[in-house]
């Protein structure tokens, strides 16, 4: 009977709004790879783009009208549109009763994010944010070791994540679209600091144009103090050709280092553990972080399991970004 039940089990129906490279190269393959999932509709501002993607992946329905898109029969939508569209698309999706994963940053500002959360709550829909780096098994293992006291009280957590991303006609380099290194890459760093170190009591930093001159920052750096003790720091950029993408969790009794968490798709990430008076240990593992995010979300909707990332995380991270921008505006970089 169990085998029959699995065959007859209905698919969880997904739709995607926004059909850029990340949606096509990461989200679509992840949904198609999950046994209980089916991608049934896509939306783009360009009907030609929507039709092209739908044809390439045998997706039945495609739209360039968001209201009509929301009338399609699906359970949840992954909003992968440019940042400036998150606000209106999340609110419309929630009012249509669709569960939502929204790409980061959640919104253009915390006021928008607060309204988005309120509408989701009023319509009883679940919402998660695309902080995929929480979903690597090595990230989860590091958090488990911190919480168990394995490395003692964390003293300092350092996160560095960068790319070489020259300016182009893209929302990531447009101020009105919420672009810049802080909002695009730094938001992941902030999320990891909170994931490992807990809530942040105070944060301050800089944003700058070190290499590429444009209307948004290509580099950001910040330090923070955690409410439960210890400190954190991060830098993120669009302007480093050979980046050291690395997480260092330095505790009283030991250190955990995670490298290569971002980079080439499905590359092996590496964790190194060094405890006082013990030999160094290293582990390598690769994982599909986007698939793990979507799987966690589906279980939250179907089986009421806890979300690893909530809409509230998106709001808090956005407020911390605003604090960094505020502190940066009060400083002069010589």
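The values are calculated or read from the model by the stated rules, or taken from the named source; none is laboratory data. A quick note: this is a predicted structure, and the numbers were derived from the prediction, not measured. As a convention, Cβ positions derive from the backbone with ideal geometry for all residues, glycine included, and neighbour counts pool all protein chains shown.
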Worksheet item: Conditions: (1) closer than 22 Å to residue 108 by Cα; (2) under 20 Å from the mean Cα position of the chain (by Cα). Residue 268 meets all but one. Number of the miss?
Response: (1)
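So, residue 111, is that one within 21 Å of the chain's Cα centre (by Cα), without any contact (Cβ under 8 Å) to a residue 12 or more places away in the chain, surrounded by fewer than 23 Cβ atoms within 10 Å (Cβ to Cβ) and farther than 19 Å from residue 170 by Cα or not? Let's see the steps before the verdict.
Details: within 21 Å of the chain's Cα centre (by Cα): yes; without any contact (Cβ under 8 Å) to a residue 12 or more places away in the chain: yes; surrounded by fewer than 23 Cβ atoms within 10 Å (Cβ to Cβ): yes; farther than 19 Å from residue 170 by Cα: yes.
Taking the combined requirement at face value, the residue satisfies it.
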Worksheet, complete the sentence: Among 287, 328, 236, the single one that is in contact with a strand residue (DSSP E or B) (Cβ under 8 Å, 6 or more places away or on another chain), part of a helix (DSSP H, G or I) and either within 17 Å of residue 192 (Cβ to Cβ) or in contact (Cβ under 8 Å) with a residue 40 or more places away in the chain (or both) is 328
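Please find, within segment 242-253, the residue that is farthest from residue 166 (Cα to Cα) out of those that are at pLDDT 95 or above and surrounded by 18 or more Cβ atoms within 10 Å (Cβ to Cβ).
Pass one, segment 242-253, residues at pLDDT 95 or above: 246-253.
Among the residues that remain, those that are also surrounded by 18 or more Cβ atoms within 10 Å (Cβ to Cβ) are: 247, 249-251.
Numbers: 247: 24, 249: 31, 250: 33, 251: 37 Å.
Residue satisfying both the conditions and the ranking: 251.
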Worksheet entry | Residue check for residue 245: in contact with a strand residue (DSSP E or B) (Cβ under 7 Å, 6 or more places away or on another chain), under 28 Å from residue 210 (Cβ atoms) and either outside the structural domain of residue 140 (by TED's automatic domain parsing) or free of Cβ contacts under 8 Å to residues at least 40 places away in the same chain (or both) | no
Fill in: residue 317, sole failed condition from (1) assigned to a loop (DSSP other than H, G, I, E, B); (2) at pLDDT 95 or above
(1)
Practice prompt. Read through the list (1) within 23 Å of the chain's Cα centre (by Cα); (2) assigned to a strand (DSSP E or B), then give the number of the only condition that residue 274 fails.
Written response: (1)
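Right, residue 139: within 17 Å of residue 234 (Cβ to Cβ) and in a helix (DSSP H, G or I) or not? Before you say what the answer is, go through the steps one by one.
Numbers: within 17 Å of residue 234 (Cβ to Cβ): yes; in a helix (DSSP H, G or I): yes.
It is true that residue 139 is within 17 Å of residue 234 (Cβ to Cβ) and in a helix (DSSP H, G or I).
Being out of contact with any helix residue (DSSP H, G or I) (no Cβ under 9 Å at 6 or more places or on another chain), closer than 19 Å to residue 104 by Cβ and touching a residue at least 12 places away in the same chain (Cβ under 8 Å): is that true of residue 297 here? Walk me through how you get there before you give the answer.
Working: out of contact with any helix residue (DSSP H, G or I) (no Cβ under 9 Å at 6 or more places or on another chain): yes; closer than 19 Å to residue 104 by Cβ: yes; touching a residue at least 12 places away in the same chain (Cβ under 8 Å): yes.
Against the criterion (out of contact with any helix residue (DSSP H, G or I) (no Cβ under 9 Å at 6 or more places or on another chain), closer than 19 Å to residue 104 by Cβ and touching a residue at least 12 places away in the same chain (Cβ under 8 Å)), residue 297 qualifies.
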Worksheet item: Can you tell me how many residues in segment 165-194 are over 19 Å from the mean Cα position of the chain (by Cα) and touching a residue at least 40 places away in the same chain (Cβ under 8 Å)?
Response: 5
Discussion item. Here's a check for you: in segment 119-136, which residue that is touching a strand residue (DSSP E or B) at 6+ places or on another chain (Cβ under 9 Å) and in a loop (DSSP other than H, G, I, E, B) is nearest to residue 315 (Cα to Cα)?
Written reply: 130
